[in-house]
1. For Lys51, what is the net charge nearby, where nearby means another residue's Cβ is under 13 Å from its Cβ and Lys, Arg count +1, Asp, Glu -1?
2. Full extension from Asn2 to Val17: what is 0.36 nm times the residue separation minus their Cα-Cα distance, to one decimal in nm?
3. With all protein chains present, calculate the accessible area of Glu1 using a 1.4 Å probe and round the result to the nearest 10 Å².
4. Could you look at the chain and say what percent of its accessible area is carbon and sulfur, using a 1.4 Å probe and all protein chains?
5. Keeping all protein chains in position, work out how much accessible area Asp62 exposes to a 1.4 Å probe, and write it in Å² to the nearest 10.
6. Pick the calculated percent of Cα pairs over 17 Å apart for this structure from [x] 55; [y] 41; [z] 58?
7. Efficiency by 1/(1 + (r/R0)^6): what FRET value for Thr32 and Thr75, r their Cβ-Cβ distance, R0 = 30 Å, to the nearest 0.05?
8. At 1.4 Å probe radius, can you tell me the per residue accessible area of the stretch 1-91 in Å²?
Amino acid sequence: ENLLGLNPFTSTASSAVITVLEPSHGRASSDTVRFRNVSSFDGFTSTILEKAEGYSITKVNDNTYTFSASSGTATSGVKGGGGRVTAGPVTLGT
């Protein structure tokens, strides 16, 4: 599990796609990532963002990836949201 920088999420108005800033993440497209300790932002609730099954990601580059929220779309588009987020496997300690 990795502690991400403060407010690592970026959204675009009317889109369910969220971009995540995680420098040198080492992840690949189709990896499943679960987010924890997320604050609601731009119309997405913490419950949606902390989906227990995690999200399949699409690698953009070595520092960013995207995922599509399971419900809702961004209300206005925000650069830098989500609070002090951690990203890691769906299950920990198993």
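1. Working: positive: Arg34, Arg36; negative: Glu50, Glu53.
Spelling it out: positives minus negatives among the neighbours equals 0.
2. 3.3 nm is the gain from fully extending Asn2 to Val17.
3. Its heavy atoms expose roughly 110 Å² to the probe.
4. C and S atoms contribute 48 percent here.
5. 100
6. Answer by label: [y].
7. Details: r = 26 Å, r/R0 = 0.88.
After rounding, the FRET efficiency stands at 0.70.
8. Ligands and nucleic acids excluded, the result is 49 Å² per residue.
The values are calculated or read from the model by the stated rules, or taken from the named source; none is laboratory data. Note that the structure is a prediction, hence the values are computed from the model and not measured. When we count neighbours, we look across all protein chains shown, and the Cβ atoms used for this are built from the backbone with ideal geometry, even at glycine. Remember, those area values only see protein heavy atoms, side chains included, never the ligands or the DNA or RNA. Shrake-Rupley method; radii C 1.70, N 1.55, O 1.52, S 1.80 Å.
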